[in-house]
Amino acid sequence: MKMKTALITGATSGIGKSTAIELAKHNIDLILCGRRQDRLNQLQSELSNSVKVHTLCFDVRDKEKVFQSIDGIPKDFGSIDILINNAGNAHGLDPIQTGNIDDWDAMIDINVKGLLYVSKAVIPKMIDQKSGHIINIGSIAGKEVYPNGNVYCASKHAVDAINKGMQVDLNQYGIKVGAIHPGLVETEFSNVRFKGDDQRADSVYKGFDPLTPEDIADIIAFVITRPYHVNIADLIVFPTAQASSTVVKKKL
Ligand code: NDP
Ligand code: 8X3
């Protein structure tokens, strides 16, 4: 039987990396993407004993490189059955009036435009093969707006809209599309948001049990192993301690 192949963006860390490890357990071949080739190599050598692994090193902002890389996937690697649009980050946490324009550019360019470029490179292949499954990693920030979240929230609201747009446009081709919107997951996310301030990053997850990237990977595995007629279209996942972006029950 032909094994499925998944392309995962942002596979060098956090949710993407855990998803690669989880999908390998399901015998799914992997195309792992990110900017840090050393991490891609490391993951490839860890997983290659169970599944086929190909790595693609590109910045999702680099339109030409995105298309070149995805079009250059070796033919013997087979079709892309599953696309996990996961690459993304928050940059900064500032009020709109003092926000850093470079941070705004990064969030819009990576979380929105980068996701679109990768999707544009993959979707025609899925249409040709008349099958495919796209999972867009949104966020609770795509459902709510919290203080100082402004542009990050806007970028994730865009992912929510793109997810719905893909659903309606790709419905006729039998392609499944769904989004997973996590709340607080302890990854490198806050280290990136706070530009390497580890103490500030750690404080985000103090006093409660946050989600782990493995929790989200487990849910992604559940989503992609449903029968063909079942599509998980839109899923919010919180740690039990969280009720909204701003309501988190801390331990006494
Ligand atoms: P991490 O910082 O741990 O991982 C982010 C991943 O995205 C890395 O693999 C990174 O790879 C990749 N990435 C970032 N920028 C680029 C770029 N310009 N080009 C290519 N790849 C890029 O964070 P998470 O695992 O937490 O984040 C994954 C997704 O989950 C993001 O979309 C995030 O918004 C979302 N999310 C996270 C939540 C959380 O609380 N952690 C909650 C809700 C959603 P590299 O640096 O090697 O390029
Ligand atoms: C990441 C979760 O609450 O920092 O999307 O926006 S949050």
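Of the residues Gly207, Ile135, Ile224, the one whose Cα sits farthest toward the positive end of the charge dipole of the chain, with +1 on the Cβ of Lys and Arg and -1 on the Cβ of Asp and Glu, is Ile224.
Could you work out the relative contact order of the stretch 1-114, using alpha carbon pairs under 8 angstrom and six or more residues apart, expressed as a whole percent? Across the stretch 1-114, relative contact order equals 27 percent. Fewest neighbouring Cβ atoms within 10 Å first, the residues Asp169, Asp103, Asp71 line up as Asp71, Asp169, Asp103. Helix 115-129 and the longest principal axis of the C-alpha atoms of the chain enclose an angle of approximately 30°. Taking other Cβ atoms within 10 Å as a rough exposure proxy, Ile73, Ile135 sort from fewest to most as Ile73, Ile135. Over the stretch 108-252, Cα pairs under 8 Å with separation of 6+ residues give a relative contact order of 26 percent. Among the trypsin sites (Lys or Arg not before Pro) in the stretch 176-225, those placed in a DSSP loop whose Cβ has at most 14 other Cβ atoms within 10 Å are Lys195, Lys206. Spatially, the stretch 29-44 and the stretch 60-118 are offset by 16 Å when compared through their Cα centroids.
Here His157, His229, His181 are placed in order of increasing Cβ neighbour count within 10 Å, fewest first, which gives His229, His157, His181. For Lys125, give me every one of the lysines with a C-alpha distance below 23 angstrom, ignoring sequence neighbours fewer than eight places off in its own chain. Partners found: Lys2, Lys4, Lys52, Lys63, Lys65, Lys75, Lys113, Lys164, Lys176. Could you size up the charge dipole of the stretch 5-237 around its Cα centre, putting +1 on the beta carbon of Lys and Arg and -1 on that of Asp and Glu, and report it in debye to the nearest 20? In debye, rounded to 20, the stretch 5-237 gives about 520.
Scalar couplings 3J(HN,Hα) for the stretch 164-177, obtained by applying the Karplus form with A = 6.51, B = -1.76, C = 1.60 to θ = phi - 60°, are 5, x, 4, 4, 6, 6, 9, 3, 5, 9, x, 8, 7, 9 Hz; x denotes Gly and Pro.
The value of relative contact order for the chain, using C-alpha pairs under 8 Å at least six residues apart, is 19 percent. How much of the DSSP bridge set in the chain is antiparallel, in percent, rounded to the nearest 5? In the chain, approximately 5 percent of DSSP beta bridges are antiparallel ones.
Before rounding to the nearest 500, sum -39500 (n - 2.57) across all DSSP H runs of length at least 4 in the chain and divide by the residue total; then give [θ] at 222 nm in deg cm²/dmol. Computed ellipticity for the chain at 222 nm equals -11500 deg cm²/dmol. Summing charges over all other residues whose Cβ lies under 12 Å from the Cβ of Lys206, with Lys and Arg as +1 and Asp and Glu as -1, gives 0.
We did not get these values from a lab; they are worked out from the coordinates using the rules stated. Note that the structure is predicted; figures quoted are calculated from it, not measured. We place every Cβ from the backbone using ideal geometry, glycine too, and count neighbours over all the protein chains shown.
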